[in-house]
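Worksheet: the structure to be examined is printed underneath.
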Amino acid sequence: MSEQKSIKVALIGAGGWGLQHARIFSARPDIDFCAIVGRTEEKTRRRAEEFRVRAYQDIDQMLAKEQPDLVSLCLPNQGHFQATLRVIEAGFPLLVEKPLVFDLREADTLLNEAAKRSLFFAINFNHRYARPVQLAHQAIESGRVGDLTFATWRFGGEGSSDHPHANLIETQCHGFDMLEWLCGPIDSVMAQMTDKTGSGYRTLVLALHFASGAVGSLVGSYDTSYAYSDTHLVEVNGSSGRVLIEDTVRRYSFQQAGNETGETWQAGYFNDLDREFHRTFDRHMDALFAAFREGKEPPIHAQAGRRALLLAQAAIQSFETGKRVTVE
């Protein structure tokens, strides 16, 4: 696409996180934010009026009338498949929210249909774009941490769903994605889960093995609170040092092995941009729209959503069989 031409974007979804999509699209001078599709007339109308775009309740009607360059989808977690497939079959490039879907067959259908049409197909694993996560990635890639030995991920808060493995699939997908982005592919999983609070396996612990030989752990829960300090913590340890990521955006630290003095990054007094979790999405959109304009693959392809789901399914299999499960 020409750098001078605005990218025409339509949004499917008028819910809470969809508000962040709308905020970003409406604020960018290089984006022509044209329409919002929602399930309920009144709610969709109010959201469309707030951002001065057109409101629709029918996806096919919106696509036919607006002909957007890119479609962004932000729908309830278990309602992704049909709407995403409609956009793909209509031939429109797209960005989807995590999780991709809850079923591997559906994931393969979406990816195969998009590939047939050579569509730009992105997924929003925005945690990668937090400043502490970017700094951790740089430290690992530059060799400061050395040969990786272990990594830990802990993330939990409130949540509700009628799916027994909702926390694992819709929330810990960020954990799978970030651990592999930082540490390389996971090649086996062992799992323990509990349903003691009801409503499914809301709390789980996974033991991981990486292809590099490093090991890892993942703890996830909907039986805790996002109000707690350190509700999210990542540690990556290597032969030369260690990095910590605290609450995704709050703090990054590096310490060299054997050195009692470390280094820390945290947002300064006026640095609201790096301090705010929602702005990780803004950074992802900077990279995504740059790639879209240049005709490149998305910075985070929807394949990453399938990969996270594959690892989640391996964890479920491990829990149900009581055995370690190998992942290719």
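The values are calculated or read from the model by the stated rules, or taken from the named source; none is laboratory data. These numbers were taken from a predicted model, which means no experiment stands behind them. Cβ sites come from the backbone with ideal geometry, for glycine too, and all protein chains shown count toward neighbours.
Among the candidates Ala122, Ala107, Ala166, which residue alone is more than 24 Å from Thr264 (Cβ to Cβ), assigned by TED's automatic domain parsing to the domain that holds Leu233 and under 17 Å from the mean Cα position of the chain (by Cα)?
Ala166
Counting only residues that are free of Cβ contacts under 8 Å to residues at least 60 places away in the same chain and touching a helix residue (DSSP H, G or I) at 6+ places or on another chain (Cβ under 8 Å), which one in segment 177-191 is nearest to His232 (Cα to Cα)?
Met178
So for segment 241-249 (the condition being out of contact with any Gly (no Cβ under 8 Å at 6 or more places or on another chain), at pLDDT 95 or above and over 18 Å from Cys183 (Cα atoms)), does at least one residue qualify?
Scanning segment 241-249 turns up at least one residue that is out of contact with any Gly (no Cβ under 8 Å at 6 or more places or on another chain), at pLDDT 95 or above and over 18 Å from Cys183 (Cα atoms).
Considering only segment 138-155, state which residues are crowded, with 21+ Cβ neighbours inside 10 Å and touching a His at 6+ places or on another chain (Cβ under 8 Å).
If the condition is that a residue be crowded, with 21+ Cβ neighbours inside 10 Å and touching a His at 6+ places or on another chain (Cβ under 8 Å), then Phe155 is the only one that fits.
Which members of segment 14-42 meet the condition of being of a type outside the set (A, V, I, L, M, F, W, C) and surrounded by fewer than 14 Cβ atoms within 10 Å (Cβ to Cβ)? First the steps, then the outcome.
Filtering segment 14-42 down to residues of a type outside the set (A, V, I, L, M, F, W, C) leaves 15-16, 18, 20-21, 23, 26, 28-30, 32, 38-42.
Gly16, Pro29, Asp30, Thr40, Glu41, Glu42 - these are the residues of segment 14-42 that are of a type outside the set (A, V, I, L, M, F, W, C) and surrounded by fewer than 14 Cβ atoms within 10 Å (Cβ to Cβ).
Give me the residue from segment 205-221 that is in a strand (DSSP E or B) and polar (S, T, N, Q) and, out of that set, farthest from Val145 (Cα to Cα).
Ser221
Can you tell me which residue among His174, His165 is touching a residue at least 24 places away in the same chain (Cβ under 8 Å), touching a Gly at 6+ places or on another chain (Cβ under 7 Å) and closer than 20 Å to Gly305 by Cα?
After ruling out the rest, the residue left standing is His165.
Do we have Tyr201 as part of a loop (DSSP other than H, G, I, E, B) and free of Cβ contacts under 8 Å to residues at least 60 places away in the same chain here?
In short, no.
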